[in-house]
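S.K.: One structure, as structure tokens, below. Some questions next.
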Amino acid sequence: MKKLFVSSVLVMALFAPVNQAVAADFDAEQAIQGLVVSGVVESWNGYTFRSGPDGNYNPDKEDHFSSGIDGRLSLPLGDNLSIQMDGKLEYTDAAFDSSDANDTFQYSSQLGTHLTYRDPNSFAFGAFGAFGLGQGDNSPVDAYAVGGELQFYLNDLTFYLQGGYMDSDTTNSNPQDGFHNALFVRGVGRWYITPDSRLQAEFSYANGDQDGIDGIRLNDMDVFEWGVRYDMLVNGIPIVGDTQFFIGYRGFDADNGRSLSDTGAVTEHTIMVGTSHSFGGSSMKETERFGAGLDLPNFMRWASSGVWLD
């Protein structure tokens, strides 16, 4: 719980500058001239349904409530260069009750930075690095990830590709338990139906090691993640005004290869509903193309899955 609290404070501190004063000072015409200071803060709540083909899960805790918060802040470094800082926190109800945490994901938090060269009308490319903390099955994990990324813009379509390397370590008796020494790839497609509504689909794959035996033999572990999401702007809500909402689905599958006697697999399906608040662009599409349009893979959640998949 201490690490969960510290991670929450880090995320909130990173995005404290996102306020109405900044939004009011922004001139939408600046987006036509070049990159802008912009940011996005999102939060969601949902429910996760679990199954374990090898019986590798706690039968008393198959399903659970899930929540998350994600923040991004992009700063121009010139006409085409920008730096973006990310923070992401995800947790389940098992994060607050260790007795319910056996064979269960509890929480993950990660912070990262992107350095990007961008032509807002055509493409963006750059590199990112991130680190984080997580916990599953009452076993803490820390991890880092580095990689490259590329975006293509085609009218109302955005194509986003990321790839890289991640590694993790645990603080329990077996430092090999976490998902580590892994390569990953992620692809995202976004269709802007209107400047403030979009449909997004994504798919991720990672392959690495898990659960070493005597420091010699390792399970070969695969992680798959996929999802769809729809964002829409609802105008004229009393008190809060115009608000961006989204609904989404995320699938997750992890399998440690069944190569040793200590094997397992699990599949999860999460339904989520959330809100999104942004500044720095006159629309969601403009904020993506000229500012905070990047995000991070869920690498810290993948790392956490290694400790409860055994």
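The values are calculated or read from the model by the stated rules, or taken from the named source; none is laboratory data. Just so you know, these numbers come straight off a predicted model, no measurement behind them. Heads up, the Cβs are rebuilt from the backbone with ideal geometry, glycines too, and the neighbour counts pull from every protein chain shown.
S.K.: Collect the residues in the range 167-187 that are modelled with pLDDT under 95, outside any loop (DSSP other than H, G, I, E, B) and not charged (D, E, K, R), keeping them in residue-number order.
M.R.: The answer is Ser168, Thr170, His180, Asn181, Ala182.
S.K.: Starting from the range 268-282, take each residue that is touching a residue at least 40 places away in the same chain (Cβ under 8 Å) and under 25 Å from Ala254 (Cβ atoms) and list its partners that are among the aromatic types (Phe, Trp, Tyr) and buried (at least 19 other Cβ atoms within 10 Å of the Cβ), counting only C-beta distances under 6 angstrom and pairs at least six apart or across chains.
M.R.: Close Cβ pairs (under 6 Å, with a partner that is among the aromatic types (Phe, Trp, Tyr) and buried (at least 19 other Cβ atoms within 10 Å of the Cβ)) amount to Glu268/Phe252; Met272/Trp44; Gly274/Trp44.
S.K.: Among the residues of the range 104-131, count how many are of a type in the set (A, V, I, L, M) and surrounded by 22 or more Cβ atoms within 10 Å (Cβ to Cβ).
M.R.: Total satisfying the criteria: 2.
S.K.: If I ask for residues that are surrounded by 16 or more Cβ atoms within 10 Å (Cβ to Cβ) and either modelled with pLDDT of 95 or more or of a type in the set (Ser, Thr, Tyr) (or both), which ones from the range 248-274 would you list?
M.R.: Gly248, Arg250, Thr263, Thr267, Thr270, Met272, Gly274 - these are the residues of the range 248-274 that are surrounded by 16 or more Cβ atoms within 10 Å (Cβ to Cβ) and either modelled with pLDDT of 95 or more or of a type in the set (Ser, Thr, Tyr) (or both).
S.K.: Something else about it: Pull up the range 68-94, narrow it to residues that are closer than 22 Å to Arg50 by Cα and of a type outside the set (D, E, K, R), then point me to the one that is modelled with the lowest pLDDT.
M.R.: So the residue we want is Ala94.
S.K.: Which residue pairs have Cβ atoms closer than 6 Å, lie 6 or more positions apart in sequence or on different chains, and pair a first residue in the range 132-149 that is β-branched (Val, Ile, Thr) and buried (at least 24 other Cβ atoms within 10 Å of the Cβ) with a second residue that is in a strand (DSSP E or B) and modelled with pLDDT of 85 or more?
M.R.: As it stands, the answer is Val141/Gly134; Val141/Ser168, since those pairs meet every condition given.
S.K.: Do you know which of the residues in the range 116-131 that are under 28 Å from Phe105 (Cβ atoms) and touching a residue at least 40 places away in the same chain (Cβ under 8 Å) is farthest from the chain's Cα centre (by Cα)?
M.R.: Phe128
S.K.: Residues Asn45, Asn19: which one is closer than 24 Å to Thr275 by Cβ, loosely packed, with under 14 Cβ neighbours inside 10 Å and either in contact with a helix residue (DSSP H, G or I) (Cβ under 8 Å, 6 or more places away or on another chain) or modelled with pLDDT of 95 or more (or both)?
M.R.: Asn45
S.K.: Looking only at residues that are within 10 Å of the chain's Cα centre (by Cα) and of a type in the set (A, V, I, L, M) in the range 279-305, which one is nearest to Thr116 (Cα to Cα)?
M.R.: Leu296
S.K.: While we're on this one: Somewhere in the range 1-8, is a residue within 27 Å of Ala130 (Cβ to Cβ), under 20 Å from the mean Cα position of the chain (by Cα), modelled with pLDDT under 75 and aliphatic (A, V, I, L, M)?
M.R.: Among the residues of the range 1-8, at least one is within 27 Å of Ala130 (Cβ to Cβ), under 20 Å from the mean Cα position of the chain (by Cα), modelled with pLDDT under 75 and aliphatic (A, V, I, L, M), which makes the answer yes.
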